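The structure under discussion appears below in the form of structure tokens.
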Amino acid sequence: MSTLTIEKPLAPPSSPSPAAIAGAPRPAMPKPSSLLIGLDLGTNKSCILAGPPGSTDITVSKVIPSVVGYVKDGIVDGIITGNVRILYGEDALRQRLHVDLVAPLEQGVIAHPEAARDFMQHVRQLADSSGRAEIRAVVGVPANTEEQARERIRKAAQGVFSRILLIPEPFLAALGFRDDSRVKQSGYVDPVVNSLFIDIGAGTSDLCLVQGYFPTREDQISIPFAGDAIDSILHDGLDRTYPNNGLSRLSVREIKEAHAYVGPSRKPLDIKVVIGGKGRTLELGDAIGNACNILIDKIYPALTALIAASSSDSVVTLLQNIIITGGGSQIRGIDTVLQRRLSDDGYESPKVRLAGQDFQRYVALGALKAARAARENQWQVLLE
Amino acid sequence: MTLNALVESLRPLEPPWSEVGRTCRRICLLRAAGRYAEAQRIEDTELAAAAAKASREGSGPGPEADARLATMLAGEAERVAAAVAFAEILAPMLSERLGDRAAIHAQAPKHPHRGPGTGAPGGVRGIADFIEEMLAQDRAGTR
């Protein structure tokens, strides 16, 4: 951790106003503004939630494409609003003709450090437009991320956030998914107490046993096969079936997001696309199904390995609490196919369910909860 | 912080500011434990009352009392942070020197029986406890 050290402590999140304490009408001393961020730094999309410490308020909630656009040389004045040199997220994608697009992450880890740093600055700007707040961030990382990848995140955040904590994404997803208002209710099955989370993102699919203690390395499996890999296979399949189709990777991803499914073939699946300016209908039932079913083949062995690692006392309840989140949870039939496969293999009444419509926010929500609960000595200080 | 300075810092303050000092330390300890809401509540009630009382019994409310309170709070915050850092450094050193790795492993259990809810007895564990386990695993190299 070369970027970290213990330094003189920062000002506490809030200090009392001596003037107010003394009851005098003098103006209060300005309190240092502090803000907490929960950040799901994803390969394709990132979710940012922010709020003040000591409350449950969420003041910023955004999901943005994880992309930075560097404006190309020679673009005439006025083409880019404000003549800025760097665009982010949707703005960068809208101006894709005029910028060099860089995705800071590949397969869940930072692949382009400078773009990652610029992206972090953008995250900070979104959370605190004043630019003056002292910001602490909990950032999700794929399960079992190597130290080198963690260090890259710290370096990208150096000078942007004052303190940071890196926590595995599937555990944060469990924290985010937990309904805190019901934790003490007798009928509520707390996902943090006994569950198995499958977080399918763009770069990695992460599986994690969450059983009331912090998951060890053995409780987590990260598979470098997820949404992007499906896009790649689908794109190759399309090129074989429809040579010279001219579809970009982004178009292929949009087709996948709209029509992805697993299980038996849903042929015919006719999809209208525009190729070379002309509308054309492609039959993509098999191409999409084949690409997505590979994901099941990759995930299933990891799922059964983690089930096998749980104790006989807990496994029956665990089988009732298998939760899929992340973008991959939007693949049609993924819950029923996994559940049926477990049943067919003799597992006792398995129940696989989807996290729900907030699937893009659970990791960041868990990260913000962790940020609010973290003890002062648990934060890692980032020196400028 | 040297041992002498530490002892000096722990020396009780003279009345009427001793109560203010104790309350400041409690607030800083709560903040260090991530219990901001509780710290804020004490700050708004007990500290406000203690400081007002000390001001009245001293030279009265004014810039001097304000400055003294601000200095006490800043001093306590620094002391608590230094103590936390000191403990972070000392604990693993002691553990290693005494050949007793049990302390670390107790924080990063292997959970051989892998039962659910094996944490704190009789209740839901706090998120900070999970983070502590994660950090202990990092220190022990088990993650």
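A short reminder: the numbers here are calculations on the coordinates, not readings from a lab. All values reported here derive from a predicted model rather than from experimental measurement. Heads up, the Cβs are rebuilt from the backbone with ideal geometry, glycines too, and the neighbour counts pull from every protein chain shown.
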Going by C-beta contacts inside 10 Å, put B:SER59, A:SER222, A:SER251 in order with the fewest on the left. B:SER59, A:SER251, A:SER222
Are there any GluC sites (Glu not before Pro) in region A:140-189 that are in a DSSP loop and have at most 11 other Cβ atoms within 10 Å? List them by number. A:GLU146
How big is D, in µm² s⁻¹, for region A:309-365 by Stokes-Einstein at 20 °C and 1.002 mPa s if Rh is the Kirkwood radius over C-alpha pairs? 175 µm²/s
Radius of gyration and Dmax for chain A's Cα atoms, expressed in Å? 23.0, 80
To make sure I understand, if each residue's beta carbon is the centre and we count other beta carbons within 10 Å, what order do A:ILE198, A:ILE334 fall in, fewest to most? A:ILE334, A:ILE198
When B:GLU19, A:GLU169 are ranked with the fewest other C-beta atoms within 10 Å first, the list becomes B:GLU19, A:GLU169
Need one number: nm distance between label points at A:SER61 and A:GLU151, each 7 Å from Cα along Cα→Cβ, rounded to one decimal. 3.8 nm
Pull out the extension gain between A:GLU90 and A:THR281, defined as 0.36 nm times the separation in residues minus the alpha carbon to alpha carbon distance; nm, one decimal. 66.0 nm
Within a 10 angstrom radius of each residue's Cβ in B:34-44, how many Cβ atoms of other chains show up on average? Whole number is fine. 5
